[in-house]
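One structure below.
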Amino acid sequence: MEISKETIDRISTAKTIVFFTEAGISAESGIPVFRGKDGIWNKLKPEELANFNAFLKNPEMVWEWYNHRKKIIHDSKPNSAHLTIAKLQNFFQNVIVITQNIDNLHRRAGSKIIYELHGNIERNYCVKCHTFYNQEIDLSHGVPKCECGGLIRPDVVWFGEYLPEDQLNAAERAAENCDVFFIIGTSGVVYPAASLIYTAKENKAYLIEINIESTEISYLADESLIGKAGEILPEMLEKIKSKIGST
Ligand code: BJW
Ligand code: ZN
């Protein structure tokens, strides 16, 4: 993979680097992506699962899907892409992760500033009284219910739902004020998350995309690197270290 000199120069002189990371970054940890050739939604329709009406209509099915994914996530580990991003904190003033992923792998890798746009699979809450239930959910007696009788749901953002305001606002500020903005493993079709890419571009950040294929937003990138995030990022780190060491 050829990484241009300009890209290494722009990263090496940056103060604030944002990593906008999505399902593709966790693919090498064994967590299936949503879209594309190995996407889970080739088999399951998003609108049948990731929306509140689907949950009210068939909470058993939605919980079964989340429990299946919880298990995969529980058994997975951060990969070299998550770990490289965490290591970069040793070299740069501000390294910020904005993620649509709900899998906690950035936190487990050691990243410190993380804005989660679509929630977190480890949290659950009652749809009626909003009490949080963060312990393991026992599904052996059917769909989990709160003491108030309300259904308990995963604390994730479904289609038609607002993103957590504090996380989205912080992510917007980061996209406005960074020197380099990485776009890693996203198809770039889900909004408002994808609009952060345009915000970063409008604010003159240098955009670097890493994806195994080109996407709808590739034309916006200053550098589009085709390949696996878990291979490209460690190679990039080595180049940055030689550059910083040589200045
Ligand atoms: C690799 C790799 C490797 C593989 N290395 N790369 C404006 C325009 C049009 C529509 C809208 C709009 N504004 C809002 C909408 C509606 C809607 C939307 O965006 N629809 C579009 C699909 C058309 N958005 C919403 O509804 C959002 N809410 C909202 O807007 O609220 C305001 C509102 C309120 C009330 C009424 C109306 C509006 C909410 C969106 C919530 C999305 N939720 C999900 C589920 C989260 C929980 C869960 O995980 O179960 O989030 S859907 C799913 O898609 C998940 C993901 O975070 C998200 C994005 O997917 P992502 O991460 O990009 O994954 P993939 O699979 O698409 O791509 C993987 C990529 O990785 C591929 O490109 C591969 O090539 C690559 N890859 N291996 C590097 N090793
Ligand atoms: Zn309740």
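The values are calculated or read from the model by the stated rules, or taken from the named source; none is laboratory data. Computed from a predicted structure; not experimentally measured. Ideal geometry is used to build each Cβ from the backbone, glycine not excepted, and the neighbour counts take in all protein chains shown.
The listed residues are 109, 50, and the only one of them that is under 19 Å from the mean Cα position of the chain (by Cα), assigned by TED's automatic domain parsing to the domain that holds residue 178 and more than 16 Å from ligand 2 (Cβ to nearest atom) turns out to be 109.
Being free of Cβ contacts under 8 Å to residues at least 24 places away in the same chain and either more than 12 Å from ligand 1 (Cβ to nearest atom) or not aromatic (Phe, Trp, Tyr) (or both) is the filter here; which residues of region 185-202 pass it?
Step one: list which residues in region 185-202 are free of Cβ contacts under 8 Å to residues at least 24 places away in the same chain, which gives 191, 194-195, 198, 201-202.
Once the filter is applied, which keeps residues that are free of Cβ contacts under 8 Å to residues at least 24 places away in the same chain and either more than 12 Å from ligand 1 (Cβ to nearest atom) or not aromatic (Phe, Trp, Tyr) (or both), region 185-202 yields 194, 195, 201, 202.
Within region 108-126, the set of residues being among the β-branched types (Val, Ile, Thr) and surrounded by fewer than 16 Cβ atoms within 10 Å (Cβ to Cβ) comprises just one member, 113. Considering only residues in region 160-195 that are more than 26 Å from residue 11 (Cα to Cα) and over 15 Å from the mean Cα position of the chain (by Cα), the one that is surrounded by the most Cβ atoms within 10 Å (Cβ to Cβ) turns out to be 161.
Here residue 84 clears all of (1) within 13 Å of ligand 1 (Cβ to nearest atom); (2) not assigned by TED's automatic domain parsing to the domain that holds residue 235 except the condition numbered (2). If the condition is being among the charged types (D, E, K, R) and either at pLDDT 75 or above or in contact with a Leu (Cβ under 8 Å, 6 or more places away or on another chain) (or both), then region 133-150 contributes 145, 147. Of all the residues in region 151-165, those that are closer than 14 Å to residue 66 by Cα and either in contact with a Leu (Cβ under 9 Å, 6 or more places away or on another chain) or more than 16 Å from ligand 2 (Cβ to nearest atom) (or both) number 3.
Out of the residues in region 136-150 that are within 15 Å of ligand 2 (Cβ to nearest atom) and farther than 18 Å from residue 58 by Cβ, state the one that is nearest to the chain's Cα centre (by Cα). Among those that are within 15 Å of ligand 2 (Cβ to nearest atom) and farther than 18 Å from residue 58 by Cβ, it is 146. Exactly one residue out of 175, 205, 170 is more than 15 Å from ligand 1 (Cβ to nearest atom), over 24 Å from residue 35 (Cα atoms) and touching a helix residue (DSSP H, G or I) at 6+ places or on another chain (Cβ under 6 Å): that is 175.
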